[in-house]
Amino acid sequence: MRLKFIYLGVMALFLITKSQAQDTPWDTLSKSVTKIQSDLAALKKLKISGYIQAQAQIADSSGIASFAGGNFNTNTDNRFMVRRGRLKFTYDNKMSQYVLQIDVTEKGIGIKDAYVRFTEPWAKAFQATIGVFDRPFGFEIGYSSGNRETPERGRMSQTIFPGERELGAMLTFQMPTKSKLHFLKIDGGMFNGGGPTASDFDSQKDFIGRIHADKSLKESKIKLEMGVSYYYGGWRQGTSNVYSVSADALGLSAFLQDKDTTNYGAISNRTYTGGDLQLSIKSKIGTTTLRGEYITGEQPGTSSTTASPSSQPTTDTYRRNFNGAYFYFIQDIMKTKHQFVLKYDWYDPNTDISDDDIGKSITAPSGKSFSTTNKQDIAYSTLGIGWTYHWDENVKIVAYYDLVVNEKSKNLAGYSKDLKDNVFTLRVQYKY
């Protein structure tokens, strides 16, 4: 009996000692370190980046319409502005990714990116993306404004793809880095068609697709990239009147009216085809980059705009065939912090009519209704000349001049000569 009590006492002492040992300062510290390591592992998956672009601009005249950062106010020919103020959050979990990017300027706060992306775990070759993200068309649309050598995208890009992003879902094929097929990338997706911040206003969904290939040659001193893109979609017509350019037997070049009740609510086709090419060569004089893209297609609009709509148009539909292109020449000045940029772009919103036929008054034949063309059918070209100085790894200073030339017509008031709408931009960008 006495041995039994001694045994029970020893066991109780052992249990008490063990309990106290679990709560020693060393064990508490170990638990804290483990928790910190876990928190750090989660934080490593989160990347925060962004940039701000502060700039001053001077225009040739007050109140001009401009694609160099937006139109100038009526009595203004110079301005300070925050062109972009981006803050981007990326949470990367290897096989899935969440991205949220906002834009903060003097005009307010807006969403730029908001999407999730998943990678299949077997071949790791397919990705699915859904949300708000860059349209997979061409090169310039998806090229970050923080990296782009010019202050803005071309007039055509801003017109047919306003806001660059779009609401939709996309499937991407690209083999992993170690694969010999990694150079090939194929994107294809369905989108609302109304832009990055607009709710869908019809049942039409637009297809956008791009095939892209890149290759490095001669020990990576030469890099060649090329791509082809296709857009097929449209939007719901808001009236029974549809206008298309017609050159009839009487020699009239104007918009011929098609008035039919079946036009109301029908889809007006929106189709683009494009090709892009980029070539980069490293040499003793510095890296030389040549870049170009050409796009042609059919763009439905209204009498007052050729821009892709973000809400249901309530006026008559005007169908136009268009084309446009841009070409870059970029030269890094040897191993210095300087860079020279030359860019030429054009946008012809209506390739079926030009020059003095624009705005020309016509007398409609019996039984036919026509509408004259206007300033929305004027073609523009822009020559941009720029210089960039990379202050350090975060800051670059850009001086850039846009020389804008418009198509001329003696039959369109205000367009018998070139408009005074050139713009000089001085920008400071901080990127982290």
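Within the range 305-317, can one find any residue that is open to solvent by 50 Å² or more (accessible area, probe 1.4 Å) and over 24 Å from the mean Cα position of the chain (by Cα)? Yes, the range 305-317 contains a residue that is open to solvent by 50 Å² or more (accessible area, probe 1.4 Å) and over 24 Å from the mean Cα position of the chain (by Cα). Taking the criterion of being within 27 Å of Asp316 (Cβ to Cβ), touching a Lys or Arg at 6+ places or on another chain (Cβ under 9 Å) and either open to solvent by 50 Å² or more (accessible area, probe 1.4 Å) or of a type in the set (Phe, Trp, Tyr) (or both), the residues of the range 370-406 that qualify are Thr372, Tyr380.
Check the range 70-90 and report whether any residue there is crowded, with 18+ Cβ neighbours inside 10 Å and assigned to a loop (DSSP other than H, G, I, E, B). Within the range 70-90 (the criterion being crowded, with 18+ Cβ neighbours inside 10 Å and assigned to a loop (DSSP other than H, G, I, E, B)), the answer is yes, since at least one residue qualifies. Of all the residues in the range 173-203, those that are surrounded by fewer than 17 Cβ atoms within 10 Å (Cβ to Cβ) and within 24 Å of Gln127 (Cα to Cα) number 15.
One residue stands out among those in the range 318-336 that are assigned to a loop (DSSP other than H, G, I, E, B) and not polar (S, T, N, Q): the one that is surrounded by the fewest Cβ atoms within 10 Å (Cβ to Cβ), which is Lys335.
Hey, could you check the range 141-172 for residues that are among the hydroxyl-bearing types (Ser, Thr, Tyr) and part of a loop (DSSP other than H, G, I, E, B) and say which is nearest to Gly233 (Cα to Cα)? Step by step, filter the range 141-172, then rank; the result is Tyr143.
For the range 407-432, what are the residues that are among the hydroxyl-bearing types (Ser, Thr, Tyr) and either loosely packed, with under 14 Cβ neighbours inside 10 Å or touching a strand residue (DSSP E or B) at 6+ places or on another chain (Cβ under 6 Å) (or both)?
Ser416, Thr425, Tyr430, Tyr432
In summary, strands (runs of 3 or more DSSP E) completely within the range 185-294 and bearing 1 or more residues that are basic (Lys, Arg) and touching a Phe, Trp or Tyr at 6+ places or on another chain (Cβ under 6 Å) occur at 206-217. Within the option set Asp352, Asp345, being buried (at least 20 other Cβ atoms within 10 Å of the Cβ) and in contact with a strand residue (DSSP E or B) (Cβ under 9 Å, 6 or more places away or on another chain) holds for one residue only, Asp345. Pairs are defined by a Cβ separation below 8 Å, a sequence spacing of at least 6 or placement on different chains, a first member in the range 417-432 that is without any contact (Cβ under 8 Å) to a residue 40 or more places away in the chain, and a second member that is among the aliphatic types (A, V, I, L, M) and open to solvent by less than 80 Å² (accessible area, probe 1.4 Å); the pairs so defined are Asp418/Val405. Look at the range 393-406: where a residue is among the basic types (Lys, Arg) and a partner is surrounded by 21 or more Cβ atoms within 10 Å (Cβ to Cβ), sitting 6+ places away or on another chain with Cβ atoms under 6 Å, you get Lys396/Thr388; Lys396/Gln429.
Here Ala123 passes the criteria (1) assigned to a strand (DSSP E or B); (2) farther than 21 Å from Gly70 by Cβ except the one numbered (1).
Could you check, for the range 362-369, whether at least one of its residues is open to solvent by less than 40 Å² (accessible area, probe 1.4 Å) and under 28 Å from Glu152 (Cβ atoms)?
no
Being without any contact (Cβ under 8 Å) to a residue 60 or more places away in the chain and open to solvent by less than 50 Å² (accessible area, probe 1.4 Å) is a description that applies to Met170.
Can you pull out every residue in the range 323-340 that is touching a Ser or Thr at 6+ places or on another chain (Cβ under 6 Å) and over 17 Å from Leu277 (Cβ atoms)?
If the condition is that a residue be touching a Ser or Thr at 6+ places or on another chain (Cβ under 6 Å) and over 17 Å from Leu277 (Cβ atoms), then Gln331, Asp332, Gln339 are the ones that fit.
Residues that are modelled with pLDDT of 95 or more, farther than 24 Å from Asp200 by Cβ, open to solvent by 30 Å² or more (accessible area, probe 1.4 Å) and basic (Lys, Arg): does the range 249-272 have at least one? No, the range 249-272 has no match at all.
Do the conditions hold for Ala114, that is, is it outside any strand (DSSP E or B), among the small types (Gly, Ala, Ser) and either free of Cβ contacts under 8 Å to residues at least 24 places away in the same chain or open to solvent by 40 Å² or more (accessible area, probe 1.4 Å) (or both)? The answer is no for Ala114. Among the residues of the range 130-140, is there at least one that is open to solvent by less than 30 Å² (accessible area, probe 1.4 Å), modelled with pLDDT of 95 or more, among the aromatic types (Phe, Trp, Tyr) and under 19 Å from the mean Cα position of the chain (by Cα)? Yes, some residue in the range 130-140 is open to solvent by less than 30 Å² (accessible area, probe 1.4 Å), modelled with pLDDT of 95 or more, among the aromatic types (Phe, Trp, Tyr) and under 19 Å from the mean Cα position of the chain (by Cα). For residues in the range 326-357 being of a type in the set (Lys, Arg) and modelled with pLDDT of 95 or more, which is farthest from Ala379 (Cα to Cα)? Restricting to residues being of a type in the set (Lys, Arg) and modelled with pLDDT of 95 or more, the top hit is Lys337.
The values are calculated or read from the model by the stated rules, or taken from the named source; none is laboratory data. Note that the structure is predicted; figures quoted are calculated from it, not measured. Positions of Cβ are backbone-derived with ideal geometry, glycine not excepted, and every protein chain shown enters the neighbour counts. To get the accessible areas, we keep the full protein, side chains included, count just its heavy atoms, and leave off ligands, DNA and RNA. Shrake-Rupley method; radii C 1.70, N 1.55, O 1.52, S 1.80 Å.
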